[in-house]
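Enquirer: Below is the structure I would like to discuss, written out as structure tokens.
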Amino acid sequence: MNAAATPLSHAPEHAAGGGDALLVQRLAARDAEALRELIALHAARLHRIAWRMTGDAQEAEDIVQEALLRLWDQAPRIAERHPPASQAAEGLRIAGWLQRVVTNLAIDRLRRTRRLSHGEVPDREDDAPRADALAEAYEAGSLARALVGALPDRQRAAIVLTYFEELPNAEAAAALDMNIKAFESLLHRARAALRQAFAAREGGE
Amino acid sequence: MSIETQAHDGGPILPGTPLARALGEGAVPPLSPGFADRVIAAAEAPRPAPLPVSRRRSGRWSGWRTGQRLAVGAAGVVALASAAAATGLLQQLAIPVPSARIVWASIAGTAKAAPAAAPVPAAPPLVAEEPAAPEPVGIAGPIDTPEELGEAFRRVDAVREKRREMRRALVDQRIADEIARRRAAGRPEPTPEQLAQVRARIEEAQARRDEAVAAKVQERRAELEKRVAAGEPLTRRDMLRPLTPRPDQPPGSEALENLRRMAPRERREALRAMSPEERARIAEEYRARRAMAQPAPAPSASPSPAE
């Protein structure tokens, strides 16, 4: 099993809060090397999240690049709000900020793609995985992608962040702009839907 | 745990289970080579400035902004309505503008502004505004006493006087408008002598009209006083009966109208008291009026076979 496919193999790549503040100060000073360090620290995880959400490597790279450029653009404002050696600087976590941006961008792109391809969006999304999506993805060689890709957008994000990326529920909830109770409910539904889809798949064979 | 028992379970996905093994399949593609260089080049390239922070993002002041807009809107409506009332626009559009005193009296339910029981509807508010009335007589229900009838006459007179003043003001306004229109068009304005002649002609016409009406009013009032003295209660319809017959009313129907205003018993007695010729004439008039009131039958679309 490769590193990307094994959840436990992904060690958290957190930088300390104070370190994040210094990095943002350098980004605010338009230091390209700071951006390179940031990419080295976070781009791989962000790309995994985006890829598991969209299933498209090129799309995932675009999402990560857009998130990084947003941070580059907003670095002066963030640095102003988190001056060095302050309590705010200690609490600054760039990884969480980037994960939230990447997750939201991925959900936006999924919705946009669905809108463009289907013409109209149903009032309420059916939680059940679509059979054609399952079959198509399975034939492409990845049951995991089929199972995860058949979930509704936010349930998919919950599974990607907590199972594949092993984020604590609180951090995943923050990435989705949800409170912890609502996120746990969402995660519960996502796991149940995943098991239901898997059981249907296994039972059908 | 079997697949069946896991089907509706939202608990954690344990390592080693079939689902965990299935999710572990496949590989995440790595970032393409040169990704960091592309991002840095894009960051350093000139790009449009980011959009400013949305003003509505802050929830602290959004309520105040909404309230501020509502207050400004309400103040604007009040200002426009006050300006329209002050310039007389509402009167020109025939929109009644009650005074504060009348409104308050209607809310408080004071006696001066409670004309609902009075048979003459237009008079009570004017009486309420009339300070010269020493002790207004209340009218409860139908008018059945000479005092109530006198009070009704007084209210009717007050309304007439008020209408006369309004007509004079309207005439003055129209004359002023016409003078202003001629002035704006560059045409010669009437001289004071011409204006005086016009006003005199208008006053004469009004006086002739008043004189013509006065005799009928006196006659009607005498009739009403006679009926009240006989103990007959007068209703709103009696008080508001027009002095002159309607244009569509056929001539000679006064006797028929009087009969219709009577109570059934009185009507029977009045008919018995008439001469046979008079009864026949009234019956003929009644039939003619009914024939006029009924719609004419629609003409046949096709001639009958006999024609």
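The values are calculated or read from the model by the stated rules, or taken from the named source; none is laboratory data. Computed from a prediction, not measured in an experiment: that's the story for all the values here. Cβ coordinates were reconstructed from backbone atoms using ideal geometry, including for glycine residues, and neighbour counts include every protein chain displayed.
Enquirer: If the requirement is being surrounded by fewer than 23 Cβ atoms within 10 Å (Cβ to Cβ), assigned to a helix (DSSP H, G or I) and either more than 8 Å from chain B (Cβ to nearest Cβ) or without any contact (Cβ under 8 Å) to a residue 24 or more places away in the chain (or both), which of these qualifies: A:Ala146, A:Ala170?
Expert: Result of the check over A:Ala146, A:Ala170: A:Ala170.
Enquirer: From the list B:Leu240, B:Leu259, B:Leu271, pick out the single residue that is of a type in the set (A, V, I, L, M), surrounded by 14 or more Cβ atoms within 10 Å (Cβ to Cβ) and modelled with pLDDT under 85.
Expert: Step by step, each of B:Leu240, B:Leu259, B:Leu271 is checked, and only B:Leu259 is of a type in the set (A, V, I, L, M), surrounded by 14 or more Cβ atoms within 10 Å (Cβ to Cβ) and modelled with pLDDT under 85.
Enquirer: Give just the number: which of (1) under 25 Å from the mean Cα position of the chain (by Cα); (2) free of Cβ contacts under 8 Å to residues at least 40 places away in the same chain does B:Met239 not satisfy?
Expert: (2)
Enquirer: Also, quick follow-up: Does A:Pro83 satisfy the criteria of being more than 8 Å from chain B (Cβ to nearest Cβ), out of contact with any Lys or Arg (no Cβ under 6 Å at 6 or more places or on another chain), within 27 Å of B:Pro52 (Cβ to Cβ) and not in a helix (DSSP H, G or I)?
Expert: Here the answer is yes, as A:Pro83 does meet what is asked.
Enquirer: Name the one entry in A:Arg52, A:Arg70, A:Arg48 that is surrounded by fewer than 19 Cβ atoms within 10 Å (Cβ to Cβ), within 10 Å of chain B (Cβ to nearest Cβ) and either part of a helix (DSSP H, G or I) or modelled with pLDDT of 90 or more (or both).
Expert: It is A:Arg70.
Enquirer: Among the residues of segment B:178-185, is any loosely packed, with under 10 Cβ neighbours inside 10 Å, more than 32 Å from the chain's Cα centre (by Cα) and not in a helix (DSSP H, G or I)?
Expert: no
Enquirer: Still on this structure, I have one more. Among the residues of segment B:28-53, write down those that are assigned to a loop (DSSP other than H, G, I, E, B) and either more than 7 Å from chain A (Cβ to nearest Cβ) or at pLDDT below 80 (or both).
Expert: Hits for segment B:28-53 are B:Pro30, B:Pro33, B:Gly34, B:Ala45, B:Pro46, B:Arg47, B:Pro48, B:Ala49, B:Pro50, B:Leu51, B:Pro52, B:Val53.
Enquirer: Let me ask something else. Among the candidates A:Ala199, A:Ala174, single out the residue that is outside the structural domain of A:Ala106 (by TED's automatic domain parsing), modelled with pLDDT of 60 or more and closer than 20 Å to B:Gly10 by Cβ.
Expert: A:Ala199
Enquirer: What are the residues in segment A:173-205 that are within 11 Å of chain B (Cβ to nearest Cβ), touching a Lys or Arg at 6+ places or on another chain (Cβ under 9 Å) and either in contact (Cβ under 8 Å) with a residue 60 or more places away in the chain or not in a helix (DSSP H, G or I) (or both), if any?
Expert: none
Enquirer: Report whether or not A:Arg112 is over 30 Å from A:Gln25 (Cα atoms), part of a helix (DSSP H, G or I), modelled with pLDDT under 85 and of a type outside the set (Gly, Ala, Ser).
Expert: yes
Enquirer: Given the conditions (1) at pLDDT 85 or above; (2) facing chain A (nearest Cβ under 10 Å); (3) assigned to a helix (DSSP H, G or I), which single one is not true for B:Ala74?
Expert: Single failed check for B:Ala74: (2).
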